[in-house]
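Enquirer: Right, I'll just put the structure down here and ask away after.
The values are calculated or read from the model by the stated rules, or taken from the named source; none is laboratory data. No experiment lies behind these values; they were computed from the predicted model shown. Methodologically, a virtual Cβ is constructed for each residue, glycine included, from the backbone with ideal geometry; neighbour enumeration extends over all protein chains shown. All accessible areas refer to the heavy atoms of the entire protein, side chains included, with ligands and DNA or RNA removed. Shrake-Rupley method; radii C 1.70, N 1.55, O 1.52, S 1.80 Å.
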Amino acid sequence: MRGNTVRKQVFIYAGIALALAAAVVIWLVFTQRNVDRLFEDGNRVNMLLVGRDSSQAVDLVSLISFSKDDAVLFSFPTNLRLRDASGVFESAAGVCETAGLAAAAEAIGTLIGLDIPFYIAASHEVLESWIGSLGGLVIALDASAVYMNPTVEPALRVEIRAGDQSFDESGAIVFASAPSEPEDMGLLKRQQAFLRALLGQGIAATALRSLRSAVRESAPALETNLSVADLQQVAVVLHDVPQTSVRANQLVGEIVEIDGVSYTQPNVVGTERLVAALLKGLELLTPSDVKVAVFNGNGVRLMARRTADYLSARGFQVTGIGNADAFDYETSYVIVLSDESKAWVLRDALPSGAQIVFPETFESHYEALSDFIPAGTDIVFIAGAGLEIE
């Protein structure tokens, strides 16, 4: 009888061990399946992050692109002018609110040349609850933040110095959403600092078991095309990314007014250069990659020589200098002979603006100068009125 009892115990323990082993195998299979789904298109995951205020209006738009080793936050203004799938131009916030997050992710992806298959939107209420569970948020500022707090009556001007600053949940949300005042570091930079703090304190510094539980509890309140298991896997991958490997940048653009509406018009080439360096692992062009011939188009004595010295001091390769075909150029011109991106590198280095043109659209002036342009020159720069070189 005693032998039968021992054998029964052995069978019971063996059964428990097998059950545990099967559970582990199932867990590994499902976990690996989620990892494979996230990374099925390569070694990076691209995801659109959207924040909504209490009225569900969009007040934060950012891309997070991450691998198992690093993460990049790339911020967009909510008034970014986008072309949606139907060809209609609308602000990023407008596309999110009218066409949906999938359409916004597609439009932004088309703009920057990336596939953005996933999206997550969270309300202020969800974010406040998360930050409250952390006991607040410490946000590192590399410049002063100046904005109006609209949640108090009357609205209060807030000025915060650079350094590590502590916020409660409502204060952190105001910090990340309030419009900028003069001397502010900029709303997009504040949002990047806010998101970095959430990644560091809300994900990286949280125990994995607690992190999975928090994701499971908050998932029903999120608007996303990811399953709960996917969201948990995102959190696990980001948990293991070193905070020193988290980088941030923002779209290159300028404010324009169209039909009485203010938009941020993207600088496509400038943005592509940033995306190439940050997300595609490609090297940015530097001034040393640009060969430029400089011509005096405003008649100021020694303007071509002074401009050439200015550019040489900044690393550009000057192939030649001379006088333009006339001294009545009302603005400066950058003529593209090779890669357009090199023109943007040059323009960004100038102390004042210049118009980028191509030989075929600047034909008569280009033909007048063509015999004086050294072989191998990438860019011709004509110094026009208003250019001041010290």
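Enquirer: For segment 275-390, please list each of the strands (runs of 3 or more DSSP E) lying entirely inside it that holds at least 2 residues being of a type in the set (Ser, Thr, Tyr).
Expert: So the answer is none; nothing clears 2.
Enquirer: Looking at (1) within 22 Å of Val241 (Cβ to Cβ); (2) in contact with a strand residue (DSSP E or B) (Cβ under 8 Å, 6 or more places away or on another chain); (3) open to solvent by 30 Å² or more (accessible area, probe 1.4 Å), which one does Ser144 not meet, given that it meets all the others?
Expert: The one condition Ser144 does not meet is (1).
Enquirer: With the requirement that a residue be at pLDDT 75 or above, more than 21 Å from Thr224 (Cα to Cα) and open to solvent by less than 90 Å² (accessible area, probe 1.4 Å), what does segment 18-72 give you?
Expert: Matches in segment 18-72: Asp70 only.
Enquirer: Here's something else I'd like to know. When you check Arg196 against the structure, is it touching a residue at least 60 places away in the same chain (Cβ under 8 Å), open to solvent by 20 Å² or more (accessible area, probe 1.4 Å) and either out of contact with any Gly (no Cβ under 9 Å at 6 or more places or on another chain) or part of a helix (DSSP H, G or I) (or both), yes or no?
Expert: Judged against the criteria, Arg196 is a match.
Enquirer: Which of the residues that make up segment 87-109 are under 14 Å from the mean Cα position of the chain (by Cα) and without any contact (Cβ under 8 Å) to a residue 40 or more places away in the chain?
Expert: Ala92
Enquirer: Something else: Looking only at segment 147-178, count every residue that is of a type in the set (S, T, N, Q) and open to solvent by 60 Å² or more (accessible area, probe 1.4 Å) and tell me the total.
Expert: 2
Enquirer: I would also like to ask the following. How many of the residues making up segment 199-240 are farther than 26 Å from Ala140 by Cα, outside any helix (DSSP H, G or I) and open to solvent by 50 Å² or more (accessible area, probe 1.4 Å)?
Expert: Total meeting the criteria: 3.
Enquirer: Go through segment 241-251 residue by residue and tally those that are open to solvent by less than 50 Å² (accessible area, probe 1.4 Å) and not in a strand (DSSP E or B).
Expert: Number satisfying all stated conditions: 3.
Enquirer: Name every residue in segment 332-344 that is open to solvent by 10 Å² or more (accessible area, probe 1.4 Å) and not aromatic (Phe, Trp, Tyr), in order of residue number.
Expert: Leu337, Ser338, Asp339, Glu340, Ser341, Lys342, listed by residue number.
Enquirer: Here is a follow-up. Filter segment 313-327 down to residues that are open to solvent by 50 Å² or more (accessible area, probe 1.4 Å), without any contact (Cβ under 8 Å) to a residue 40 or more places away in the chain and more than 15 Å from Pro374 (Cβ to Cβ), then give me how many there are.
Expert: Result for segment 313-327: 4.
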